[in-house]
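Notes to accompany the following structure.
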Amino acid sequence: MKRTTYPHARRTAAAVALLCALSATTQAPALAAPDPAPTTLDGVRKELDDLYHQAEVATDKYNAADEKAKAQQKKVETLNGRVNRAERQEARLKALLGAAARAQYRGGGLPAEVQFALAPDPRHALENAEVAEQAQQTTQDQLTRLEAIRKDLRKRTDQARAELSALRSSRRAMDENRDKIEKRIAEARALESRLKAKDRAHLAVLDKKAQDKSQADWVSTGILNEVGTKGSTAGRKAIAYATQQIGKPYVWGAEGPDSFDCSGLTSQAWLHAGITIPRTSELQWAQLPHVPVSQMRPGDLIIYFSDASHVAIYIGNGNIISAPRPGRDVYVSPAGSMQILGVVRPDA
């Protein structure tokens, strides 16, 4: 049987749908300045997490470019120093050769056998010939050396120019990532600023609930029954340093002593334990020895998210110390509150 839909029925259904939507909006925590998306506090929380995650990814890239720029700057300075030394050597040899040429000109530039034939005393002529030959050989040696110095100078100058070009590229990459960081942070803060005070408090509650649930799921696997409880001597020193930084603010690109980003904190903690590790979380994951999560111990570093964009130091009992994100301070939090990519051990 064919079903007939009447216009007034369609209007009624649309009105009911609109009332339901308005009711759902009324029940959800209100925003100070409604935005088409997100429209709920949970949506705001997810949006903020995404914006701050993007800022952290850009921060890691900024830090990597910064480290590269610092290394290239040192290379440029070293190469420029070598170029300057080679130029001074070249100038000294040119002066010596000029003096030799002038002396030869004053002596008439006569061949040794002619000087012997014209000399009143053959013994002096032989001595003069020997001295002249030595002078000519010395001049030739200096010419050969000068050419070698010039080749080396050209090579080092080309190297310095190449490093300088790479340095400029690294600084451009830093500028690009700085813009991305500041844009994402500005977007997140603008989103937060539209919330009422009660909604910001509710947002913090939602954030903690999400962390607690993630931690509970992680702990329920029995992982804490397997992990180590005692760190190495260096690991304990790294934890001690990180503990002293609790309460200091997160600042992107910072590595102490007054503020930190996530990898700035972990790299400095291990540096104070006597071990130098890469500056960024991505390189820490790529270059440091991996250990299974079930075998981690206090002092190890937990790398988070599939892009290795966050890192924290494990302190035992299922907890970490980390510099979380802009607007937050270094603090202790549950190790399983974020997506764990893996664990690295700086002193393996």
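The values are calculated or read from the model by the stated rules, or taken from the named source; none is laboratory data. All values reported here derive from a predicted model rather than from experimental measurement. Here Cβ is always computed from backbone atoms with ideal geometry, including for glycine, and neighbour counts include all displayed protein chains.
Taking the range 194-215 as the range and being exposed (fewer than 13 other Cβ atoms within 10 Å of the Cβ) and touching a residue at least 12 places away in the same chain (Cβ under 8 Å) as the test, only K198 passes.
Taking each residue of the range 268-280 that is not assigned by TED's automatic domain parsing to the domain that holds A254 and looking for partners that are crowded, with 16+ Cβ neighbours inside 10 Å and of a type in the set (S, T, Y) with beta-carbon atoms closer than 7 Å, six or more apart or interchain, yields nothing. Among the conditions (1) out of contact with any Ser or Thr (no Cβ under 6 Å at 6 or more places or on another chain); (2) within 19 Å of V332 (Cα to Cα); (3) in a helix (DSSP H, G or I), W285 misses just one, which is (2). Any chance the range 326-336 includes a residue that's buried (at least 18 other Cβ atoms within 10 Å of the Cβ), within 20 Å of S232 (Cβ to Cβ) and touching a residue at least 40 places away in the same chain (Cβ under 8 Å)? Yes; the residues of the range 326-336 include at least one that is buried (at least 18 other Cβ atoms within 10 Å of the Cβ), within 20 Å of S232 (Cβ to Cβ) and touching a residue at least 40 places away in the same chain (Cβ under 8 Å). Inspect the range 282-290 for any residue being buried (at least 24 other Cβ atoms within 10 Å of the Cβ) and closer than 24 Å to K230 by Cβ and give the result as yes or no. The answer is no; no qualifying residue exists.
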